[in-house]
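Student: One structure follows; several queries about it will come next.
Read-outs: derived from the displayed coordinates by stated rules, not from any lab. Keep in mind it's a predicted model, so treat the numbers as computed, not measured. Cβ coordinates were reconstructed from backbone atoms using ideal geometry, including for glycine residues, and neighbour counts include every protein chain displayed.
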Amino acid sequence: MKYLLWLLKAAIFFTLFAFALNNQQDATVHFFFGTQWRAPLVLVVLSAFTCGVAVGVLGMVPRWWRHRSAARRTHATLQPTPAPLTAAPSPPAEPQPPHGI
């Protein structure tokens, strides 16, 4: 199984590497007010992917915080309170026979 995962990772790496080698021509990205950026196509795709991941993570941060605080509150309410120290519990009246006999 471990070798199969390494083979899959190697296949993904070489596929992305071939994509990068095949897309070395320049691409122009036009922004507002006549601003433009010229870069190899693979960098444009990589930066678009990175920006998408960053926007997704930033969009999820408030929900993660809410869930963490709710989990902390739940964990705090489920904490057993220590029982006050009293006399030791009395032993059972008579021993119980083992089950199945």
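Student: Under the rule of at least 5 residues apart or a separate chain, name every residue whose amide H is placed under 5 Å from the amide H of A27.
Tutor: A39, L41
Student: Further question on the same structure: Want the number for Y3 to T77: 0.36 nm per residue separation, take away the alpha-carbon distance, what's left?
Tutor: 22.1 nm
Student: How large is ³J(HN,Hα), in whole Hz, for each residue of the stretch 16-28 in order, when computed from phi with the Karplus curve 6.51 cos²θ - 1.76 cosθ + 1.60 and θ = phi - 60°, using x for Gly and Pro?
Tutor: Karplus-based 3J(HN,Hα) across the stretch 16-28 equals 5, 5, 5, 4, 5, 6, 7, 10, 8, 5, 6, 10, 10 Hz.
Student: At a Förster radius of 35 Å, what calculated FRET efficiency corresponds to the Cβ-Cβ distance of R68 and A27, to the nearest 0.05?
Tutor: Working: r = 41 Å, r/R0 = 1.16.
For R68 and A27, the calculated efficiency is 0.30.
Student: Return the distance in nm (one decimal) between the two label points of a simple spin-label model at F14 and L58, each offset 7 Å from Cα along Cα→Cβ.
Tutor: A separation of 3.9 nm, rounded to one decimal place.
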